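Report on the following structure.
The values are calculated or read from the model by the stated rules, or taken from the named source; none is laboratory data. Computed from a predicted structure; not experimentally measured. Here the Cβ positions follow ideal geometry from the backbone for every residue, glycine too, while neighbour counts run over all protein chains shown. These accessible areas exclude ligands, DNA and RNA; they are computed on the full protein's heavy atoms, side chains included. Shrake-Rupley method; radii C 1.70, N 1.55, O 1.52, S 1.80 Å.
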Amino acid sequence: MSSLAVLHASQVVTLSGPKRPRIGAEMSELAIISDGGMLIHNGKIEKIGPSAEIEKNVGDAEVVDVGGRVVMPGFVDAHTHLVFAGNRLDDFERRSRGETYEQIAKAGGGIWSTVQKTRAASELDLLTQAKKHANWFLSCGTTTVEAKSGYGLTVDGELKLLRVMRRLKEEVRLEIVPTFLGAHAVPRELSPDEYLDVVITEMLPRVTAEKLAEFCDVFCERGYFNIDQSRRILSAAKKVGLSLRGHVDQLTNSGGAKLMAETGATTADHLEQTDEQGIAALKKANVQPVLLPGSVYALGSSRYPCAREMIEAGLAIVLATDFNPGSSPTPSMPMILSLACTQMKMSPTEAITASTLNAAYSLNRGDKIGSFERDKLANFVIFDCEDYRELAYWFGIPQTHSVYVRGDCVWNTSCGK
Ligand SMILES: [Zn+2]
């Protein structure tokens with residue numbers, strides 16, 4: 001039975017408070033303890049308080065003196081496409097030269113190129129690359145990620161991706177929440193309606209029979225799946241017990257936010273084009289918005305989602321990376337905090353709440369992770385700074401000192417493991 005005492009943090013950012021996602025002014029309350037510490041037993045938090053108080057209870061626990069650094073809950077990244085083969089370097093270069101999405105797709109790029117590479121890759125190849133991605137996330141201070149399938153687009157291809165996630169879960173310390181995103185795009189060999197039937201009648205039953213996913217997602221967008229098709233997929237997924245997320249209102253305002261409200265989804269993701277009525281619908285149905293400023297930035301757009309309006313409307317905002325090879329090749333939550341503060345006018349406190357506790361609730365794990373409270377998992381990060389606001393302020397430099405999952409050090413600057 002192992003015990004760990006964490007002492008002398010300049011700030012322990014606890015986020016302790018009401019046991020629910022935070023909204024409005026609550027997003028600015030981080031419940032920080034100066035010169036703080038924590039006592040951890042068997043991977044769970046036993047006590048949080050001033051260092052002087054924790055020191056009295058150290059007993060035979062191993063002591064980690066963090067030397068005036070910041071200690072925070074590990075980031076929870078609630079929207080990633082973690083498993084794929086290859087990269088999209090050629091697309092990146094073409095886009096940097098000013099080519100349009102259509103030109104890039106015509107030249108053999110776009111999502112289809114990742115689908116082809118991912119279909120051709122073996123499970124082992126995908127696992128090897130996914131392990132590298134998982135280590136990137138840990139090195140940025142993220143301890144839990146949601147991960148979507150969606151680059152197979154055949155029954156076997158989608159199951160392969162979800163099985164890779166299951167193996168990855170066993171082999172790395174990053175915690176992974178799997179989402180089935182068979183409806184990421186329409187494969188070239190089928191019409192949208194034919195593919196929809198495959199997703200609903202062949203993929204969904206297999207995914208649920210093998211318990212490969214907790215959530216179902218859909219890419220609701222012009223040229224992908226329209227509102228009616230998205231509704232069919234989400235309703236079918238709900239019937240078989242999956243919780244719902246959705247890529248909506250990213251490039252056009254098609255009423256996607258309203259659809260997520262109507263279907264009782266857990267989250268509505270992207271929302272760059274969502275209007276007032278969409279925001280009101282999300283509020284009424286208690287849907288959490290997941291905002292992805294990394295993809296706006298990487299696509300060279302300036303149309304960020306209206307975070308301030310959403311906070312004012314009382315929505316429990318989540319921030320995530322949207323890590324993927326095409327539109328958001330970053331695993332870095334500190335980079336997302338920087339974008340949230342500079343481009344979306346969120347405060348550093350709001351951004352931290354959105355990327356830890358609110359994100360945990362959006363993955364149905366608000367009772368286990370996302371804040372420091374007794375009996376929650378000891379998933380935490382020591383950052384090499386004295387003030388939590390530095391995470392959003394300095395950008396382009398890593399500030400992670402070490403990362404702990406369930407009380408074990410799983411990554412640090414000296415071992416780099
Ligand atoms: Zn995405």
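Placing +1 on the Cβ of every Lys and Arg and -1 on the Cβ of every Asp and Glu, with no other charges, gives the chain a dipole of roughly 540 debye about its Cα centre. GNM remark for the chain: springs join alpha carbons under 10 Å apart, and the peak mean-square fluctuation among Gly110, Gly37, Gly74 falls on Gly110. I need the Debye-formula profile for segment 279-409: one equal scatterer per C-alpha, no solvent, reported as log10 I(q)/I(0) at q = 0.14 1/Å, two decimals. The Debye formula, applied to the Cα set alone, gives -0.66. Dividing the summed -39500 (n - 2.57) terms of all DSSP H runs of n ≥ 4 by the residue count of the chain sets its mean residue ellipticity at 222 nm at -9500 deg cm²/dmol. Ranked by the mean number of other Cβ atoms within 10 Å of their residues, highest first, the peptides 356-362, 91-97 come out as 356-362, 91-97. Here Lys132 is the anchor, and the aspartates and glutamates within straight C-alpha reach of less than 19 Å, apart from those fewer than 8 places off in the same chain, are Asp77, Glu123, Glu146, Glu170, Glu171, Glu175, Asp322.
Based on the Kirkwood radius over alpha-carbon pairs, what is the Stokes-Einstein translational diffusion coefficient of segment 344-404 at 37 °C with 0.692 mPa s viscosity, in µm²/s?
My calculation gives 257 µm²/s for D.
Scaling the Cα radius of gyration of the chain by the globular reference 2.2 N^0.38 Å produces a ratio of 0.96. Normalised Debye scattering of segment 7-128 at q = 0.11, 0.20, 0.22 Å⁻¹ gives log10 I(q)/I(0) of -0.69, -1.05, -1.23, counting only Cα atoms as equal scatterers and leaving out solvent.
Cα-Cα pairs above 14 Å in segment 228-306: how many percent? Cα-Cα pairs in segment 228-306 separated by more than 14 Å: 58 percent. Size check on segment 188-249: the Cα extents along the three principal axes, sorted descending, read 30, 26, 15 Å.
Straight-line reach from Lys283: taking Cα to Cα under 18 Å and skipping same-chain neighbours fewer than 8 places apart, the lysines in range are Lys258. Database remark: amide H of Trp411 closer than 5 angstrom to the amide H of Val403 (H placed geometrically; neighbours at sequence offset of 5 or more, or on other chains; Pro and chain starts carry no H). In the context of the full set of protein chains, residues of the chain present 40 Å² of accessible surface per residue (probe radius 1.4 Å, heavy atoms only). For Glu175, the residues whose modelled amide H falls within less than 5 Å of its own, excluding neighbours fewer than 5 places apart on the same chain, are Thr144, Val145. For the pair segment 342-357 and segment 37-98, the centres of their Cα atoms are 17 angstrom apart. Charging the Cβ of each Asp and Glu at -1 and of each Lys and Arg at +1, and nothing else, the dipole of segment 76-198 about its Cα centre rounds to 420 debye. Computed from phi, the 3J(HN,Hα) profile of segment 111-126 under the Karplus parametrisation 6.51, -1.76, 1.60 (θ = phi - 60°) reads 4, 4, 5, 5, 4, 4, 5, 6, 4, 6, 7, 7, 4, 5, 4, 5 Hz, with x in place of Gly and Pro.
So which of Lys56/Lys131; Lys47/Lys284; Lys160/Lys284; Lys19/Lys169 end up more than 30 Å apart, counting from Cα to Cα? The answer is Lys56/Lys131; Lys47/Lys284; Lys160/Lys284.
The phi-based Karplus calculation (6.51 cos²θ - 1.76 cosθ + 1.60; θ = phi - 60°) puts the 3J(HN,Hα) values of segment 36-44 at x, x, 8, 10, 10, 9, 6, x, 10 Hz, whole numbers, x for Gly and Pro. Comparing Val76, Val381, Val198 in a Gaussian network model of the chain (Cα springs below 10 Å), the most mobile by mean-square fluctuation is Val198. By the Stokes-Einstein formula, at 1.002 mPa s and 20 °C, segment 35-101 with its Kirkwood radius over alpha-carbon pairs has D equal to 129 µm²/s.
The amide H of Gly150, built 1.01 Å from its N in the peptide plane, has Leu181 as neighbours under 5 Å, considering only residues 5 or more places off or on other chains. Near Asn286, within a Cβ-to-Cβ distance under 13 Å, what is the net charge of the other residues, with Lys and Arg +1 and Asp and Glu -1? Its environment carries a net charge of +2.
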